[in-house]
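Take a look at the structure below.
The values are calculated or read from the model by the stated rules, or taken from the named source; none is laboratory data. Keep in mind that what you see is a predicted model, and the values were worked out from it rather than measured. Note that each Cβ is placed from the backbone with ideal geometry, even for glycine, and that neighbours are counted across all protein chains shown.
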Amino acid sequence: MSLFGRKPKAKAVKKRDGGKKAAAKDAEQSLHLAIDGAPVEVTLRLNPRARRVIVKVHPGTGDVTIVAPSRRGLQHALEFARGEHDWIARQRARVPAAVTLAPGAKLPFRGVPHDVRHSAVRGPAPVWRDAEAHVIWVTGRAEHAPRRILDFLKREARALCEAEALDHGAALGVLPARITMRDTASRWGSCSATRAISFSWRLIFAPPFVLDYLAAHEIAHRREMNHGPRFWKAVDMLYPNRERAERWLKVHGPELHRYGVEED
Ligand SMILES: [Zn+2]
């Protein structure tokens, strides 16, 4: 099974190779475990704050992470993970099947199912959406289609995230922060200490109210860099139905990781 979630992770690790974050590289390494006869890439992470060995399987990507409290505990951590073989295999079996962004695919655009089709005639752009017919059209050579569709979805996601963040920013009276798009398996949105806000481009697949909530959440962090009562009060003011959005992400979030381009 091809798992699209791998790529961004590999990128994140690569970034740590240089500069001041070299120490972080030592704290993380990847190896392979045989799961159901096939080698599965496992990220081994040292975290002194962890009280015990933790094995995690990402529900959307199937990525396996083992967190160990100490370097000395590494061998124990691996043995522990091998003992959890059946559990890991069961969790990975639940991961939604990957969908390649190409003509013939079905994907949710802002929560509405769309068919991806190839157009022999030129359109207004290499990729465009017929909102009424619920079709995403792509032109050009077949081998370029996945990358073009991906670029289109990322562009659309960025425009929507920026609009929502500026909207909520205006309502809360905070200056618009720098907004970046990411593809992390662990978070849908984040707000850094430098006040940069980032969102996962995969939110383009979620219904509009989910993005609305996440934008409200991250903008509220511009006021409060914590999850205290004052923070939630600001979120509730901007977006009054956060339980609904959080529930949606909990149930459907893993499915948003299905879509991607084939890796070489
Ligand atoms: Zn938060």
- Item | Those residues of region 154-176 which are in contact with a strand residue (DSSP E or B) (Cβ under 8 Å, 6 or more places away or on another chain) and either buried (at least 19 other Cβ atoms within 10 Å of the Cβ) or outside the structural domain of VAL138 (by TED's automatic domain parsing) (or both), in sequence order | ALA157, CYS161, ALA165
- Task: Filter region 165-177 for residues that are under 15 Å from GLU224 (Cα atoms) and within 16 Å of the ligand (Cβ to nearest atom) and give the result.
- Result: HIS168, GLY169, LEU172, VAL174, ALA177
- Is there a residue being assigned by TED's automatic domain parsing to the domain that holds ARG148 and more than 15 Å from the ligand (Cβ to nearest atom) anywhere in region 227-236? no
- Scan LEU214, LEU203 and give me the residue that is under 26 Å from VAL99 (Cα atoms), within 16 Å of the ligand (Cβ to nearest atom) and touching a Leu at 6+ places or on another chain (Cβ under 6 Å). LEU203
- Query: Residue check: is ASP183 without any contact (Cβ under 8 Å) to a residue 60 or more places away in the chain, of a type in the set (D, E, K, R) and under 22 Å from LEU101 (Cα atoms)?
  - Reply: no
- Item | Filter result (out of contact with any Asp or Glu (no Cβ under 7 Å at 6 or more places or on another chain) and either of a type in the set (S, T, N, Q) or away from the ligand (no atom under 14 Å from the Cβ) (or both)) within region 178-189 | ARG178, THR180, MET181, ARG182, ASP183, THR184, SER186
- Message: Quick check on region 114-136. Is at least one of its residues within 16 Å of the ligand (Cβ to nearest atom) and out of contact with any Cys (no Cβ under 9 Å at 6 or more places or on another chain)?
- Response: no
- Message: Considering only residues that are surrounded by fewer than 15 Cβ atoms within 10 Å (Cβ to Cβ) and free of Cβ contacts under 8 Å to residues at least 40 places away in the same chain, which ones fall in region 129-142?
- Response: ASP130, ALA131, GLU132, ALA133, HIS134, GLY140, ARG141
- Residues satisfying the stated conditions in region 66-117, i.e. hydroxyl-bearing (Ser, Thr, Tyr) and under 29 Å from LYS154 (Cα atoms): THR100
